[in-house]
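Beneath this line is the structure, given in structure tokens, with notes to follow.
The values are calculated or read from the model by the stated rules, or taken from the named source; none is laboratory data. Predicted model, so just to flag it, every value in this text is computed and none were measured. Backbone-built Cβ (ideal geometry, glycine too); neighbour counts: all protein chains shown. When the accessible area is computed, the model is the full protein with side chains, heavy atoms only, and any ligands, DNA or RNA have been set aside. Shrake-Rupley method; radii C 1.70, N 1.55, O 1.52, S 1.80 Å.
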Amino acid sequence: MSSNKSFLSPRGNYRHLIVYQKAECIYDITFHFAHRFLEKGDRTIDQMVQAARSGKQNIAEGCAASTTSRETEIKLVNVAKASLQELLIDYEDFLRVRNLSQWSSNDQRYQQTRSVTAKHNDSAYYREAISKRSAETVANIAITLIHQTDTMLGRLIETLKKQFIQQGGIREEMTRARLSYRNNLRKDKS
């Protein structure tokens with residue numbers, strides 16, 4: 001008499017998402033970067049840490065909300081993307097005003113960093129690696145990770161939009177579940 005499929009499909013396991021793991025790495029790098037390379041009392045410390053935190057937290061919150069609201073999930077993932085763009089600008093500003101290099105895509109250091117960051121999603125790896133690096137290097141590592149994560153968030157948003165278009169939101173799922181239940185009742189009575 002009952003349908004095996006619940007209209008509240010289990011979702012929200014953000015810790016297994018590579019994009020969340022990357023965002024956590026960005027947060028850890030930023031926390032250590034801001035407290036190590038910016039002067040105590042500089043408001044940029046809080047702004048950078050909060051932007052990094054917002055990137056990470058909005059992915060988690062969006063995934064948690066996904067069970068009942070795909071619209072909220074899409075909005076929060078987009079907020080995460082915007083927060084990381086804000087953080088990217090802070091890192092670029094840091095390098096520019098200090099006359100430090102932002103590595104171009106044809107720079108060997110960038111290519112090596114891009115390869116390493118593509119393989120590593122463990123924040124402990126980065127906390128160890130950045131402890132021995134210069135401000136310029138740490139900022140470029142963060143920039144590289146932000147670009148990778150931004151690309152991943154863009155793909156995630158597109159996937160979520162397609163899922164919403166194909167499957168609808170919670171109301172459509174509830175309607176399908178109710179209609180399925182009614183059809184099963186009719187079959188059982190006949």
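What value does region 45-92 have for Rg/Rh, both radii from Cα atoms and Rh as Kirkwood defines it? It would help to have the intermediate numbers written out before the result.
Numbers: Rg = 11.4 Å, Rh = 10.7 Å.
Taking Rh as the inverse mean 1/r over Cα pairs, Rg/Rh reads 1.07.
Gain in length, SER131 to HIS16, computed as 0.36 nm per residue apart minus the alpha-carbon separation, to one decimal in nm? The partial results should precede the final answer.
Details: separation 115, 0.36 × 115 = 41.40 nm, distance 2.62 nm.
The SER131-HIS16 span can extend by a further 38.8 nm.
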What is the helix-to-structure angle for 43-65, meaning the angle in degrees between its Cα long axis and the longest Cα principal axis of the chain, kept from 0 to 90 and rounded to the nearest 10? 20 degrees
By average C-beta atoms within 10 angstrom, highest first, the peptides 137-145, 14-22: 137-145, 14-22
Rounded to the nearest 10 degrees, what's the angle between the helix 70-97 long axis and the longest principal axis of the chain, both from Cα atoms, 0 to 90? 10 degrees
Place a point 7 Å from the Cα of ARG155 along the Cα-to-Cβ direction; which residues of region 12-46 have their backbone N under 18 Å from it? 14-26
Calculate for the chain the 222 nm mean residue ellipticity that helices alone would give, adding -39,500 (n - 2.57) per DSSP H run of length 4 or more and normalising by residue count, nearest 500 deg cm²/dmol. -26000 deg cm²/dmol
Which one, GLY62, GLY41, GLY154, has the greatest fluctuation when you compute a Gaussian network model over the chain with C-alpha springs under 10 angstrom? GLY41
Rg and Dmax of the chain, Cα atoms only, in Å: 21.3, 80
Cβ charges +1 (Lys, Arg) and -1 (Asp, Glu), total dipole of region 1-153, debye: 360 debye
Please list, in order, the residues from region 138-158 whose amide nitrogen is less than 12 Å from a point placed 7 Å along the Cα→Cβ vector of ASP107. 138-144
For the Cα atoms of the chain, what angle does the longest principal axis make with the long axis of helix 135-167, in degrees from 0 to 90, nearest 10? 10 degrees
Please calculate how many Å² of accessible area the chain carries per residue, with a 1.4 Å probe and no DNA, RNA or ligand atoms counted. 59 Å²
